[in-house]
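The values are calculated or read from the model by the stated rules, or taken from the named source; none is laboratory data. The structure displayed is predicted, hence computed values, not measured ones. Cβ placement follows ideal geometry from the backbone for every residue including glycine, while neighbour counts extend to all protein chains displayed.
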Amino acid sequence: MSNKYILLLLMLFSVDAHADDGYRLWLKYDRIQDAARRKEYLRFAGFVDLETPSSSIQMAAKTELLRGFEGMLGAKPAIAGRKTGGIRLLRDQHLPDEGFRIELKGGNLLVSGGSDRGILYGAFTLLRLIQTGQAISKLPISESPKVQLRMLNHWDNPLGTIERGYAGASLWKWYELPEVIDPRYTDYARANASIGINAVAVNNVNASARFLTAEYLQKVKALADVFRPYGIQVFLSINFASPKILSGLTTSDPLDPQVRQWWREKTEEVYRYIPDFGGFLVKANSEGEPGPQEYGRTHADGANMLAEALKPHGGRVIWRAFVYSPDPRGDRFREAYNEFKPLDGLFASNVIVQVKNGPIDFQPREPFHPILGAMPHTPLALEFQITQEYLGFSTNLVYQASLYKECLESDTYAKGKGATVARIVDGSVHAYSITAMAGVANTGSDRNWTGHLMSQANWYAFGRLAWDHTLGEADIADEWIRMTWTKRPEAVAIIKDILLKSRQIYVDFTTPLGLHHIMGQGIHFGPEPWLEKSARPDWTSVYYHRADSVGLGFDRTATGNNSLALYRPEVKQSWEKPETCDLNYLLWFHHVGWNKRLSTGNTLWDELCTRYYRGVEEVARMQAQWARIQPWVDAEMFADVAGRLAAQHREALNWRDACVLYFQTYSRMPIPAPYKAPERTLEDMKKIVAWYQLK
Ligand code: BDP
């Protein structure tokens, strides 16, 4: 090979070495540029000492510290026999179980934890301090999680597809497992541990019974073995009809002795493979999944049967409240409430009921679920969606910490003022014995994990808020940007600004003023407000927006179906009158006349149009802002986001034109100045949306 070629190859490699594909997430550990800061931490780069070298979790903490120190400080702590100038990892029984403290002591950095997990979280926190450029004078720091189970729910199927996944195929390569262990499983576990996630359900809630076969349990065991050193417990979603499907029993009735015996034995088998198995996640009697109601039994009967089988092993049942009856005449808004509220107090002590943040289904904006605060005797877990099923898949930039915080800070008034959703979920309002927060994962086999690079922020923010719901969305964004993109202040400010407004922008160009469930049927992408036929009325759009010649919106007050009455009087009162109802929720609860003047001074029609148009303009503004950060961030990552923003702009225009043209057929009013009527017709838009759905 000639020298010229060698030079060319070298050049190619060096370009490659700088290009970033996002694989490393927020755990980049690139060299710290600030020399003073580097020096501060270099003082402790001598060694990492473990209290218990045989502990695999402590070892994982050490490995991570070595990796981080080498990357960020250019020093691998490995000096044997030194007493000062290093890091010591230690257990301290006075600390809360998963809590930690980081302090300077005896010339060392001391990371103590209430348990090995606590140590691990302390180690990752120390690395975050260095990564985000914090001074060592910030120490000491003590933290402990507010919620016990901080969990990801993967909706992954045995054949490698992901229900509502937009970042490639499943991370879990079931065909290769248990023999082949993809190193990516470890990187996945590291990322989770770095934000305090300590539990994962690896398979879809629409569960294949296959996951409980010996063949699959061996595969799941292989994953559990990789996750264990990172403090992550594995759960499985189960199919309630498994006794029938797998063993040919004639029934799956939870009160049938044979069925109960089947679950006891199956559970014992699971624990033989995975001694620290977390438990079962269950979707039952919902959207066609089997469940106890088929046998005239209740959700509590079903959950308690599983709870009994899990109890001797310390396992838990997470029973989902996302149910709606096959009878489509009621309002789905009330279904979970109607079915679960009467069961309050009837669940076994190792059952937790998992509730979606809103009463319908992960819409871009929902009022908090009315059951939150209404079950004082049953621990309730909160389920958020991290994957962007209703938030534009992986072409739309939506920072969901804003959505999570809005829900967490909503006041349920369960015990008077201050009973926020966060305080219901962390157990402080009703003294729940188990507490949990789950996020439906957005990870997949895409090299950058989440499809949209900016969606990594949602995984990150979910974990941070599950750890500590009092953190602010801006502070979380700040940390994430510094670790993922750049520390350059101008660029941090721009990216943060984009993140913080992105969710409202998405709401504006899709479902402003409390519109909901008007997206494309089935795929849940793009607009389809005209949808009027489906298998059930509550799967259409017209069911939810109720547009007519008079106005728009779903009257859920006393003059309508009165679902609003499910909330405490204080909450109800705040949304009861269209004049005083928060505009964000207006059309969730009211049918409002097109000419009704809103608090903005505009009529409903003008305000609706304004928001659709403004939403599109704001996407263009995000594009312009993004263009300004180019000099300061990785070129490959920059270009990827720029491309997705352009796609988002195209999609936002589709939403705007489809919705204003469609609603105009009812309002019969012109598009208000200064906006111009769409150049496309409603028929054009229907064709485009049909194409979206490959119909
Ligand atoms: C809906 C999804 C569906 C899920 C369901 C659930 O469209 O794919 O199975 O939620 O949460 O939003 O069970």
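Here is a yes/no grid of residues against (1) out of contact with any Ser or Thr (no Cβ under 8 Å at 6 or more places or on another chain); (2) more than 24 Å from GLN354 (Cα to Cα); (3) of a type in the set (A, V, I, L, M):
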position	(1), (2), (3)
ARG190	yes, yes, no
ALA201	no, no, yes
LEU212	no, no, yes
ASP225	yes, yes, no
GLY231	yes, no, no
SER237	yes, no, no
PHE240	no, no, no
THR251	yes, yes, no
Residue in segment 335-362 that is farthest from the ligand (Cβ to nearest atom), counting only those that are part of a helix (DSSP H, G or I) and free of Cβ contacts under 8 Å to residues at least 60 places away in the same chain: PRO342
I need the full set of residues from segment 129-138 which are at negative phi and either in contact with a helix residue (DSSP H, G or I) (Cβ under 7 Å, 6 or more places away or on another chain) or surrounded by fewer than 17 Cβ atoms within 10 Å (Cβ to Cβ) (or both), in order please. LEU129, ILE130, GLN131, THR132, ALA135, ILE136, SER137, LYS138
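Restricted to segment 529-541, and to residues that are outside any loop (DSSP other than H, G, I, E, B) and within 16 Å of the ligand (Cβ to nearest atom), which residue is surrounded by the most Cβ atoms within 10 Å (Cβ to Cβ)?
Looking only at segment 529-541, we keep the residues that are outside any loop (DSSP other than H, G, I, E, B), and these are 537-539.
Pick out the ones that are also within 16 Å of the ligand (Cβ to nearest atom) and you get 538-539.
Values: ASP538: 18, TRP539: 16.
That would be ASP538.
Being of a type in the set (A, V, I, L, M) and surrounded by fewer than 22 Cβ atoms within 10 Å (Cβ to Cβ) is true for just one of ALA658, ALA642, ALA652. Which residue is that? Spell out the reasoning first.
Working: ALA658 fails: surrounded by fewer than 22 Cβ atoms within 10 Å (Cβ to Cβ); ALA652 fails: surrounded by fewer than 22 Cβ atoms within 10 Å (Cβ to Cβ).
Answer to the selection: ALA642.
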For ILE102, only one of the following conditions fails: (1) under 22 Å from the mean Cα position of the chain (by Cα); (2) buried (at least 18 other Cβ atoms within 10 Å of the Cβ); (3) more than 16 Å from the ligand (Cβ to nearest atom). What is its number? (1)
Expected single match for within 12 Å of the ligand (Cβ to nearest atom), surrounded by 23 or more Cβ atoms within 10 Å (Cβ to Cβ) and in contact (Cβ under 8 Å) with a residue 12 or more places away in the chain among ARG332, ARG320, ARG365, ARG316 is ARG320
Could you figure out which of (1) under 17 Å from the mean Cα position of the chain (by Cα); (2) crowded, with 22+ Cβ neighbours inside 10 Å; (3) away from the ligand (no atom under 16 Å from the Cβ) isn't true of TRP172? (1)
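Working only within segment 543-565, note down all residues that are surrounded by fewer than 21 Cβ atoms within 10 Å (Cβ to Cβ) and farther than 17 Å from LEU608 by Cα. Working first, answer last.
Step one: filter segment 543-565 for residues surrounded by fewer than 21 Cβ atoms within 10 Å (Cβ to Cβ), giving 543, 546, 548-550, 555, 557-562, 565.
Result: TYR543, ASP555, THR557, ALA558, THR559, GLY560, ASN561, ASN562, ALA565.
Each row is one residue, and each column tells you yes or no for (1) crowded, with 23+ Cβ neighbours inside 10 Å; (2) polar (S, T, N, Q); (3) at pLDDT 95 or above.
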site	(1), (2), (3)
GLN388	yes, yes, yes
THR395	no, yes, yes
SER402	no, yes, yes
GLY418	no, no, yes
VAL421	yes, no, yes
Cβ pairs under 9 Å, 6+ apart, first in segment 371-382 and modelled with pLDDT under 95, second of a type in the set (Gly, Ala, Ser): none
Take the residues in segment 128-169 that are farther than 23 Å from ASP92 by Cβ, more than 16 Å from the chain's Cα centre (by Cα) and of a type in the set (Ser, Thr, Tyr), then tell me which one is farthest from the ligand (Cβ to nearest atom). THR132
